[in-house]
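> What follows is a structure written as structure tokens; I'll ask about it next.
The values are calculated or read from the model by the stated rules, or taken from the named source; none is laboratory data. Model, not experiment: these values are computed from the prediction. In this analysis, Cβ positions are derived from the backbone assuming ideal geometry, glycine residues included, and neighbour counts consider all displayed protein chains.
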Amino acid sequence: MFIRFIPDLSEVFVPKATTPADLAITPRDRRFARNTAVRRWWLADDPYATAFYNALSVTFPKGEGFFVDSVRRFREGTPPKLAGEINAFIKQEVLHTREHVAFNRHVAQQGYETKRLDLDVDRSLGLAKKGPAIIALATTCALEHFTAMLAHELIANPRHLAGAEPQARALWLWHAAEEIEHKGVAYDTWLHATRDWSRLRRWAVKSAVMMGTTWLFFTGRARGMADLLRQDGITGPRAWARMAWYAVVRP
Ligand SMILES: [Fe+2]
Ligand SMILES: [Fe+2]
């Protein structure tokens with residue numbers, strides 16, 4: 001009788017997959033802004049907003065390549081449902097990369113030099129690649145978490161992309177929707193890969209990785225944004241203040 005009031009600890013401590021059982025992750029092969037020009041400040045003629053998205057876009061091809069590699073390494077031995085989700089995740093990320101490579105060509109056509117941003121990404125991802133594969137997977141979980149949060153915000157608040165070049169807007173919304181759709185896949189892979197770990201060990205590793213990733217992600221993107229703005233002739237404390245305003249206050 002009394003036993004009914006004791007919580008079922010196996011329920012509490014055995015993590016469940018986060019991707020909903022009835023969700024089919026669907027790669028949508030679409031192309032954007034292939035035959036149209038994208039103007040320099042394509043987002044509402046605002047150099048700050050444009051620099052924010054351009055700096056993110058420049059990181060995607062290498063970042064998403066890293067996500068794909070780190071999740072794929074743990075695909076073997078996963079249950080069929082998760083293995084299928086990993087495959088769909090990989091297809092989506094590969095298509096995102098293809099479209100952001102094309103978008104980044106528009107950024108380059110506007111005269112922006114992105115070599116320093118690329119090196120920055122190489123340095124940050126290099127740290128994760130040097131360690132064990134499980135750390136790369138945890139880093140992917142952390143970055144996919146940020147991506148999904150940004151994606152949600154982008155779709156929930158239309159003002160973020162108001163005044164954007166239509167093809168660029170369509171690209172970002174398509175990418176955001178698929179990021180939300182597959183946001184649980186890296187984490188489900190991590191749960192499967194660490195199924196023999198204690199809850200404490202899992203918590204310790206993912207917390208440490210999240211702290212490091214948070215620092216590298218935000219400082220890296222801020223540096224990238226500042227670099228692009230400098231190429232617009234926008235520099236100094238005023239530029240940093242306006243960047244902080246854009247990042248923290250509005251939008
Ligand atoms: Fe993506
Ligand atoms: Fe993703």
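> Can you run down the residue pairs with Cβ atoms below 7 Å, 6 or more apart or on separate chains, where the first is in region 51-66 and under 14 Å from residue 160 (Cα atoms) and the partner is surrounded by fewer than 23 Cβ atoms within 10 Å (Cβ to Cβ) and modelled with pLDDT under 95?
Taking only residues 6 or more apart or on different chains, the pairs are 52/246.
> Scan (1) away from ligand 1 (no atom under 16 Å from the Cβ); (2) assigned to a helix (DSSP H, G or I); (3) charged (D, E, K, R); (4) within 21 Å of residue 225 (Cα to Cα) for the single condition residue 144 breaks and write down its number.
So the condition that residue 144 fails would be (1).
> Considering only residues that are part of a helix (DSSP H, G or I), away from ligand 2 (no atom under 12 Å from the Cβ) and among the basic types (Lys, Arg), look in region 72-95 and name the one that is nearest to residue 22 (Cα to Cα).
Looking at the filtered set, the residue picked out is 81.
> For region 227-249, give me each residue that is modelled with pLDDT of 95 or more and in a helix (DSSP H, G or I).
Passing the criteria: 227, 228, 229, 230, 231.
> Another one. Scan region 13-57 for residues that are within 16 Å of ligand 2 (Cβ to nearest atom), touching an Asp or Glu at 6+ places or on another chain (Cβ under 7 Å) and closer than 14 Å to residue 168 by Cβ and jot them down.
None; the set is empty.
> Let me ask another. Report whether or not residue 100 is in contact with a Phe, Trp or Tyr (Cβ under 6 Å, 6 or more places away or on another chain) and either part of a helix (DSSP H, G or I) or more than 16 Å from ligand 2 (Cβ to nearest atom) (or both).
Values: in contact with a Phe, Trp or Tyr (Cβ under 6 Å, 6 or more places away or on another chain): yes; either part of a helix (DSSP H, G or I) or more than 16 Å from ligand 2 (Cβ to nearest atom) (or both): yes.
The answer is yes for residue 100.
Let's see how each residue does on (1) more than 12 Å from ligand 2 (Cβ to nearest atom); (2) in contact (Cβ under 8 Å) with a residue 12 or more places away in the chain; (3) over 27 Å from residue 246 (Cα atoms):
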site: 155; (1), (2), (3): yes, yes, no
site: 171; (1), (2), (3): yes, yes, no
site: 192; (1), (2), (3): yes, yes, yes
site: 201; (1), (2), (3): yes, no, yes
site: 215; (1), (2), (3): yes, no, no
